[in-house]
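This report refers to the structure that appears directly beneath it.
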Amino acid sequence: MEQSLRVFVTVVEKKSFTKAAAALHMTQPAVSQHIQLIERHVGTKLLDRSSKYVHPNKAGEIVFHHANEI
């Protein structure tokens, strides 16, 4: 779960799955799997996705704040 949180934080900071994947030296599908794992774990969507950017929703902001503390 720790790696998934690191991936989540990177996606939020980079505002992109693709840019996060490059920064983490991972594939984009692997990043997506980590995000899905966290979303299943907390039971809700954490990110609002548009065609260009990814932004945390209210739940995502809370998880982002706590993940940074961890």
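The values are calculated or read from the model by the stated rules, or taken from the named source; none is laboratory data. None of these values were measured; they are calculated from a predicted model. Cβ placement follows ideal geometry from the backbone for every residue including glycine, while neighbour counts extend to all protein chains displayed. SASA here: full protein model, heavy atoms, side chains in, ligands and nucleic acids out. Shrake-Rupley method; radii C 1.70, N 1.55, O 1.52, S 1.80 Å.
Projected onto their three principal axes, the Cα atoms of the range 18-70 cover extents of 26, 25, 19 Å, largest first.
In the chain, helices alone account for a calculated mean residue ellipticity at 222 nm of -21500 deg cm²/dmol, with every DSSP H run of four or more residues adding -39,500 (n - 2.57). Round to a whole number: what % of the accessible area of the chain belongs to carbon and sulfur, probe 1.4 Å? Here carbon and sulfur together make up 53 percent of the probe-accessible area.
Per-residue extension of 0.36 nm, minus the Cα-Cα distance of residue 50 and residue 62, leaves a gain of 2.3 nm for this segment. Distance between the 7 Å Cα→Cβ label points at residue 70 and residue 36: 2.0 nm.
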